[in-house]
Amino acid sequence: MKKSFLLSALALIIVLAGCGGGNNGTSSPSKETDSGAKPTSSAEATSPESPSASPANADPVSIVAYAYPADKTEENATLNAKIKRFVDKHPNVTITPKYWKYENTEIAIKMASNSAQTEFTTWATEAKLLSDKKWIIDLTDKLANWQYAKDLNEFALAPFVIEGKTYGIPIDAYGMTITINKKLFEKKGVPLPPLDWTWDDLIEAAKAVNDPAKGIAGFIPMGKGTEAGWNWTNFLYAAGGEVQSVADGKVTATFNSEAGLKALQFYKDLKDANVIPKNWALGYGDALTLFNQGRGAMVMCGSGNALDGAINQGKINKDDVLLYPIPSMTKGGKHTGVAGGNYKVINGLATPDQQQAAFDFVVDEYFTDAYLDSIDAQITSQKAKNQVYVPQLINYWNDSSEYGKKYEEILAKHDNVYNYSPELSKLMESKPEATYETQAYYGEMANAIQKVFTSKGDLDLQKLLDDTAAKVQKGSFDKVNIE
């Protein structure tokens, strides 16, 4: 998902794999970021925190790195620079960059032909699929010998920790939030809802600020593509529901529960209240663009992603956009939203030497001072452009680590950094995406949501959920082979 400025420094150092816009054929709800890269200096290659170089007599090994499409010239230049820095320290290693953006509809073919990269980027939803098929390796022992493993954020790491073993390294993580355009509330003389808000508070606020005559929607849901099901799942979670259950080697759809019915009724209430855009068939990028243009009072996406675009592209004052947790179903309930992210994994079909070289390459510059310096430079550069730096809500490192403290010190130096409400983290709860066939589930729920948004009369919501669950069960969940 889009987050151009927020992760440019991270792409600069660890070179994230290509994450495009919303899942309109180019992305997935599991990933909530977009990277923009810029060159690094050669001095950064000599960071004392980098792993030691390979012995001069080490056996030669060749690996394939996860690259960008050809038109991403700046990102590929950054990747090539990182490769050069690594092979200068490890002359026995040859690294060939190769583009293939992870797609769960293609990974089986890639593995059958042994044509996937040695290291690649995947989504939080894919851990069980990839590990069960042994398409990726257990990194537990390698992490045990890496000095910075203890500094990885346990929450970010969690989706790839399976039965006590770790299969992936977090690049970034997100928790779902709702971004509010405070200015639109002020123009209508509408008070802001409380941060500890409920579904009723959201609908009442949306009604009050809604202005269809001016093309302003009270609330912007994503209504097409898998992101529609991804958005709705936040309300399923807030109602206490689950996407699926796993027992006796079988995956069973459970989202057609009482909680699912309440969540789908909430979407029908939004539609009946006429607070969603007239053209509700919006993908990820469409929804955020509408919000950036001031044509919607509230939009839902991961962490602070909508903030960045609203402030730096939409030119909305940083003090006029606020981040809220997913509303609780009832007062005093939990503000539970979907959590996801992007992860680096190592190909299970590679040789042990290739796997080790790929791991060393992936983690080579994760905890360098160069990355922190690049954030400092990023914030300074954005200030010169009258832009604001929007920090990650969830980093790949522990905030309490020495590295996390250094990061906070850098943010404190600048006045063009967005500051989150300290109450947000106290209220916000994040629940990982479902483990199996999540993208298929999102897609089928998108079809159900579209029926809700197009219905002109009564609609049997329970039957709609049951039919959707049956379709997902037969088409996807029944095909899962749990070893």
Inset, instruction - Please report the relative contact order for region 141-215, taking Cα pairs under 8 Å with a sequence separation of at least 6, and give it as a percent rounded to a whole number. - result: 17 percent
Inset, instruction - Using the structure shown, list the pairs from Lys133/Lys268; Lys133/Lys426; Lys182/Lys385 with a Cα-Cα distance above 28 Å, or answer none. - result: Lys133/Lys268; Lys133/Lys426
Legend entry - Within the chain, helix-based [θ] at 222 nm, where runs of 4 or more DSSP H residues each add -39,500 (n - 2.57), nearest 500: -11500 deg cm²/dmol
Legend entry - In region 137-200, GluC sites (Glu not before Pro) in a DSSP loop with at most 15 other beta-carbon atoms within 10 Å: Glu163
Legend entry - Three-way shape label, region 324-417, alpha-carbon gyration tensor, a/c 1.5: oblate
Legend entry - Under 5 Å, built H, 5+ apart or other chain: amide partners of Gln244: Thr254
Inset, instruction - Scan around Thr166 for amide H atoms under 5 Å from its own, H built in the peptide plane at 1.01 Å from N, and keep only partners 5 or more places away or cross-chain. - result: Leu139, Thr140
Inset, instruction - Give me the aspartates and glutamates in straight-line cross-link reach of Lys471: C-alpha distance below 13 Å, same-chain residues under 8 apart excluded. - result: Glu437, Glu444
Inset, instruction - With an 8 Å cut-off on Cα pairs and a minimum separation of 6 or more residues, tell me the relative contact order of region 316-407 in percent. - result: 14 percent
Inset, instruction - Would you pull out the residues with amide H under 5 Å of Ser430's amide H, same chain only if 5 or more places away, H placed 1.01 Å from N? - result: Gly337
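Return the percentage of antiparallel bridges among DSSP beta bridges fully within the chain, rounded to the nearest 5 %. All intermediate terms of the calculation are to be shown ahead of the outcome.
On the way: 31 of 47 bridges.
Percentage antiparallel, nearest 5: 65.
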Inset, instruction - Could you tell me, in Å, what Rg and Dmax come out for the Cα atoms of region 161-221? - result: 18.0, 55
Inset, instruction - Quick one: what are the phi-derived ³J(HN,Hα) couplings along region 181-198, Karplus 6.51/-1.76/1.60 with θ = phi - 60°, whole Hz, x for glycine and proline? - result: 8, 4, 4, 5, 5, 5, 4, 8, x, 9, x, 5, x, x, 5, 8, 9, 10
Inset, instruction - Please give every one of the aspartates and glutamates within straight-line cross-link reach of Lys331, meaning a C-alpha to C-alpha distance under 17 Å, and leave out same-chain neighbours fewer than 8 residues apart. - result: Asp196, Asp200, Asp201, Glu204, Glu423, Glu429
Inset, instruction - Return the sequence-ordered ³J(HN,Hα) values of region 305-312 in whole Hz as given by the Karplus equation 6.51 cos²θ - 1.76 cosθ + 1.60 applied to θ = phi - 60°, using x for Gly and Pro. - result: 4, 5, 4, 4, x, 5, 7, 8
Inset, instruction - Would you mind getting the accessible area per residue of region 339-483, heavy atoms of the protein chains only, 1.4 Å probe, in Å²? - result: 44 Å²
Inset, instruction - Under 18 Å Cα to Cα from Lys98, which lysines show up? Leave out anything in the same chain fewer than 8 places away. - result: Lys72, Lys82, Lys84, Lys110, Lys344
Legend entry - Sparse-neighbourhood loop sites, trypsin sites (Lys or Arg not before Pro) in region 415-481 - DSSP loop, at most 16 other Cβ within 10 angstrom: Lys456
Legend entry - Relative contact order %, the chain, counting alpha carbon pairs below 8 Å whose residues are six or more apart: 24 percent
Legend entry - ³J(HN,Hα) computed for each position of region 362-375 - Karplus, 6.51 cos²θ - 1.76 cosθ + 1.60, integer Hz, glycine/proline x: 4, 8, 3, 10, 5, 10, 8, 5, 4, 5, 5, 4, 5, 5
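The values are calculated or read from the model by the stated rules, or taken from the named source; none is laboratory data. All values reported here derive from a predicted model rather than from experimental measurement. A quick note on method: Cβ atoms are made from the backbone with ideal geometry, for glycine too, and the neighbour counts reach across all protein chains shown. For the accessible areas, the whole protein counts, side chains as well, though only heavy atoms, and no ligand, DNA or RNA atoms are used. Shrake-Rupley method; radii C 1.70, N 1.55, O 1.52, S 1.80 Å.
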